[in-house]
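Visitor: Handing you this structure, nothing more for now.
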Amino acid sequence: MAKQVLTGPLEEQCEFLYTMAQEKIAQGNFTGATYALKEVVKHKPDYRDAATLLVEAKRQKSKQSVLLLSGFIGAVLFIATGTIVKVPNDLVFLLLAVLFTIVGFGVGNFIQNFRERVIL
């Protein structure tokens, strides 16, 4: 998708990007929301609560990245372990890899929740 060039007054452009960022946040697309909010804050730092929303979008984006990484690490650890112990059946191997991905995701979620409680 090509970048869209915005035209019109700065206020309208900020409104468009701010609204788009809110939609992205509602969809769980914190990367897109972060990009749109960075543009708003860059050109009009005092626009509504864009700066606060940007901080929250970055935090949520970071949480998503950690959860994705922890799930991936869980899968990699199982694949390495399964290879070493020579799991005989490919279907069992695949199912266990998915299970360890879920476990890794759960561990990452637990760690994040623990960190948030300790910080508060």
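Visitor: Return the residues of the stretch 27-47 that are in contact with a helix residue (DSSP H, G or I) (Cβ under 7 Å, 6 or more places away or on another chain) and surrounded by 16 or more Cβ atoms within 10 Å (Cβ to Cβ); say none if nothing qualifies. Can you show your working first?
Guide: First, pick out the residues of the stretch 27-47 that are in contact with a helix residue (DSSP H, G or I) (Cβ under 7 Å, 6 or more places away or on another chain): 30-34, 36-41, 43-45, 47.
F30, G32, A33, T34, A36, L37, K38, E39, V40, V41, K44, Y47, listed by residue number.
Visitor: Does Q60 qualify as being surrounded by 13 or more Cβ atoms within 10 Å (Cβ to Cβ), in contact with a helix residue (DSSP H, G or I) (Cβ under 9 Å, 6 or more places away or on another chain) and over 30 Å from V103 (Cβ atoms)? Steps first, please.
Guide: On the way: surrounded by 13 or more Cβ atoms within 10 Å (Cβ to Cβ): yes; in contact with a helix residue (DSSP H, G or I) (Cβ under 9 Å, 6 or more places away or on another chain): yes; over 30 Å from V103 (Cβ atoms): no.
So Q60 does not fit the description; no.
Visitor: Just to be sure I understand, how many residues within the stretch 1-40 are among the β-branched types (V, I, T) and without any contact (Cβ under 8 Å) to a residue 12 or more places away in the chain?
Guide: Here is the first cut: in the stretch 1-40, the ones among the β-branched types (V, I, T) are 5, 7, 19, 25, 31, 34, 40.
This time we only want the ones that are without any contact (Cβ under 8 Å) to a residue 12 or more places away in the chain, so: 5, 7, 19.
Residues in the stretch 1-40 being among the β-branched types (V, I, T) and without any contact (Cβ under 8 Å) to a residue 12 or more places away in the chain: 3 in total.
Visitor: Right, next: Scan the stretch 91-113 and report the pairs whose first residue is closer than 12 Å to F78 by Cα and whose second residue is outside any helix (DSSP H, G or I), with Cβ atoms within less than 7 Å and a gap of 6+ or a chain change.
Guide: Between residues of the stretch 91-113 that are closer than 12 Å to F78 by Cα and residues that are outside any helix (DSSP H, G or I), the close pairs are F93/V87; L96/V87.
Visitor: Being of a type in the set (D, E, K, R), over 30 Å from G8 (Cα atoms), outside any loop (DSSP other than H, G, I, E, B) and within 16 Å of the chain's Cα centre (by Cα) is true for just one of K63, K24, K58. Which residue is that?
Guide: K63
Visitor: Give the stretch 37-78 a look and list any residue that's modelled with pLDDT under 95 and aliphatic (A, V, I, L, M), or say none.
Guide: Result: V66, L67, L68, L69, I73, A75, V76, L77.
The values are calculated or read from the model by the stated rules, or taken from the named source; none is laboratory data. Since the model is a prediction, treat every value here as computed from it, not as a measurement. Don't worry about glycine lacking a Cβ; one is built from the backbone with ideal geometry, like all the others, and counts go over all protein chains shown.
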